[in-house]
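Novice: I'd like to ask some things about the structure below.
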Amino acid sequence: MKTIDAIIIHCSATRAGQDLRAKDIDRMHRARGFNQIGYNYVIDLDGMVENGRPLNIDGAHCNTKGFSESSYNKHSIGICYIGGLDVYGKPADTRTPAQRATLRELVAKLCKEYPIIEVLGHRDTSPDLDGSGEVEPAEYIKACPCFDVRSEFTNFLRNTVVRP
């Protein structure tokens, strides 16, 4: 079995309140050429967790053309919550209380089941363009998941790993 040591949190980049399900994301990903949904889990607006791509298959959730972050797909779990844009289509933390609670529970559960050493937002996997050893907001390729995962999930980490 492959080693899983990271969790990458995503948003669906849909407007607040817009209902979407894993089957909808699966259809969109297939239309983009994927063989199935790229995320392992989807958290619906009501906090329900839907299964996506099985964990024994490399994910397809952390891709930015031309950058090495796609290697995260080989050793991470991709969790996507529905939302991420405000009513005007601007990036915003639109998680419902149910989504927030479910996300915390799911991350805690996965950290007990796997040797997780990193819990990141997709934006945190952007390249370190200035070589400082840290990906700063000016370097984010995208806003996803539209909240600061590292500050919200600090207590789940066993160790801190900085990858250049």
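Novice: Taking only region 114-150 into account, find how many residues are at pLDDT below 85 and assigned to a loop (DSSP other than H, G, I, E, B).
Specialist: So the answer is 14.
Novice: So, in region 1-49, how many residues would count as being among the hydrophobic types (A, V, I, L, M, F, W, C), in a strand (DSSP E or B) and at pLDDT 95 or above?
Specialist: Let us first name the residues in region 1-49 that are among the hydrophobic types (A, V, I, L, M, F, W, C), namely 1, 4, 6-9, 11, 13, 16, 20, 22, 25, 28, 31, 34, 37, 42-43, 45, 48-49.
From the residues that got through so far, the ones that are in a strand (DSSP E or B) too are 6-9, 11, 42-43, 49.
Of the ones still in play, those that are also at pLDDT 95 or above are 9, 11, 42-43, 49.
So the answer is 5.
Novice: Right, something else. Take region 37-54 and flag every residue that is under 16 Å from ALA108 (Cβ atoms), surrounded by fewer than 20 Cβ atoms within 10 Å (Cβ to Cβ) and not small (Gly, Ala, Ser).
Specialist: Selection gives VAL49 alone.
Novice: Six or more apart or on different chains, Cβ under 9 Å: which pairs go from a residue in region 14-41 that's without any contact (Cβ under 8 Å) to a residue 60 or more places away in the chain to one that's among the basic types (Lys, Arg) and not in a loop (DSSP other than H, G, I, E, B)? Could you list them?
Specialist: Pairs found: GLN36/ARG30; ILE37/LYS23; ILE37/ARG27; ILE37/ARG30.
Novice: Out of the residues in region 90-134 meeting the condition of being within 13 Å of the chain's Cα centre (by Cα) and among the hydroxyl-bearing types (Ser, Thr, Tyr), tell me which one is surrounded by the fewest Cβ atoms within 10 Å (Cβ to Cβ).
Specialist: Here the answer is SER126.
Novice: Restricting the first residue to region 83-102 and requiring it to be farther than 12 Å from GLY47 by Cα, which pairs with a second residue that is in a helix (DSSP H, G or I) and of a type in the set (Val, Ile, Thr) meet a Cβ separation below 7 Å and a spacing of at least six or different chains?
Specialist: none
Novice: Turning to a different aspect of this structure: Please go through region 83-128 and give me each residue that is closer than 14 Å to CYS11 by Cβ, among the hydrophobic types (A, V, I, L, M, F, W, C) and out of contact with any Cys (no Cβ under 8 Å at 6 or more places or on another chain), ordered by number.
Specialist: Within region 83-128, LEU103, LEU120 qualify.
The values are calculated or read from the model by the stated rules, or taken from the named source; none is laboratory data. Bear in mind the structure is a predicted one, so any value in this text is a computation, not a measurement. Here the Cβ is made from the backbone with ideal geometry for all residues, glycine too, and neighbour counts use every protein chain on show.
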